[in-house]
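For reference, the structure is listed below as structure tokens.
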Amino acid sequence: MAHRRKDVKFAHGGRSASNGRARRPSQSMSEFSEEPGSPTTNGALASPALDVPVQTEYEKKRANFIERTVWTLVMIGGFFWALGAGHLYIIIIVTAVQVISFKEVIAIANVPSKARSLRFTKSLNWYFLGTAMYFLYGESVIYYFKHILMVDRAASTGYPPQVSSSSSSPYKKGHYRFQFTQFAWTHMALFLIVGQAHFVINNIFEGFIWFILPVSMVITNDIFAYLCGITFGRTPLIQISPKKTWEGFLGAWFFTVLWGVGLTHFLAQYKYFICPVNDLGANIWSGLECKPNPVFMARNYALPFVPAGVPIPRTFNIMPVQFHVVILGTFASLIAPFGGFFASGLKRTFKIKDFGDSIPGHGGMTDRMDCQFIMGSIAFFYYSSFIAIHHTTVGGVIEAAITGLTHEEQMEVVKIMSKHLVNQGVISPKILELLSEQLKRR
């Protein structure tokens, strides 16, 4: 009788023969090669394999096109509805966009964190987002509505909430360098997304036109860059985006400027679009009232160096804002696309196609908003530097009186103003007497 060798191992990782028992044959269905109608291990007939229809490449593209078109129409419809409903709804949309974009960007860096089983990342990232939004949104509300909000010195500083100390540290020994790298990633995301979204919201407060113009210019530039590129594009523009061409780039600039000039001419006719926000409850039906910025008042301009006899008018009537629109359109064509180049380089670095799938058929929110953020920031800086009218406002005076004076000094200011109004015959002298009595009681 032949004896088994004790050092023999079975091919399927079974136990050696030294334990005296052989491995049971696997009953996994993957180990059987069955034909349709052949008996299975329990004697029953196996059902024929179902023919699953394979989707062709054309059908995939058609389904993607339909999905993309439907969601494009949904987003356009939602945007115009919010535009008519009021500034508050547009601010809510911008807030949602920045939160989703932040989530997508942070998710890229969280992949290695999960691989290392580091627990701090999610909660701490959302804390930083909430703190940044609290500080920036509070600053904007106080600045634009200080004539309504009676704030004290502590509230006007806009300090973010403090974190209570805890004995448990979010850091894990042996991973300090990696975790501080994650910190840097989070803060860069806050700077590039939340910081720039803050400027977009400030544009809304300054007037809808300063929000609509940059947004629509970026969209127009993107559309005509594609149309001009596929029509007569030949020369590559940049290596990181091989589909972009010089012909598409220049054609998009021309049509973006043309669109901006035409849209500004239309929006400037309605105060709802050009007035700064003084009532968050206003909508397109109630409208807004203000003294328009002088850039929206048409003036006569003369063309220099026009030879006599040339059939060209020497003077033309145009709003000064149109000159600013040409510059903003140039910014949208020359600078804003670099937000797309930056996003493309980032995706290539992490070897991903899209930042996410937040918008069906379109990819991630960041994929659609990479140029919008940088254009919104540029529009705010340009408006603040060359268009905004800087003068003393009622809100500025009230803020100085509230935050820089004591209660006694504030009462003295009220008394002096009351004297002035009594002398002008605006209010009754009895009001001044009541104020004097109140001051004596204190």
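The values are calculated or read from the model by the stated rules, or taken from the named source; none is laboratory data. These numbers were taken from a predicted model, which means no experiment stands behind them. Don't worry about glycine lacking a Cβ; one is built from the backbone with ideal geometry, like all the others, and counts go over all protein chains shown.
Here are a few things to note about the model shown:
- Any hit, the range 74-97, residues being at pLDDT below 90, in contact with a Pro (Cβ under 8 Å, 6 or more places away or on another chain) and not in a loop (DSSP other than H, G, I, E, B): no
- Residue match in the range 220-231 (condition: at pLDDT below 90, surrounded by 15 or more Cβ atoms within 10 Å (Cβ to Cβ) and of a type in the set (Val, Ile, Thr)): no
- Neighbours by Cβ (under 6 Å, 6+ apart or cross-chain): first from the range 285-301, exposed (fewer than 12 other Cβ atoms within 10 Å of the Cβ); second in a strand (DSSP E or B): ASN300/THR315; ASN300/ASN317
- Top-ranked residue in the range 54-69 [being of a type in the set (Val, Ile, Thr) and more than 21 Å from VAL215 (Cβ to Cβ); ranked as modelled with the lowest pLDDT]: VAL54
- The requirement of being surrounded by 13 or more Cβ atoms within 10 Å (Cβ to Cβ), among the hydroxyl-bearing types (Ser, Thr, Tyr) and touching a Phe, Trp or Tyr at 6+ places or on another chain (Cβ under 9 Å) is fulfilled somewhere in the range 322-341, by at least one residue.
- Flag if PHE316 is touching a strand residue (DSSP E or B) at 6+ places or on another chain (Cβ under 7 Å), of a type in the set (Phe, Trp, Tyr) and surrounded by fewer than 17 Cβ atoms within 10 Å (Cβ to Cβ): yes
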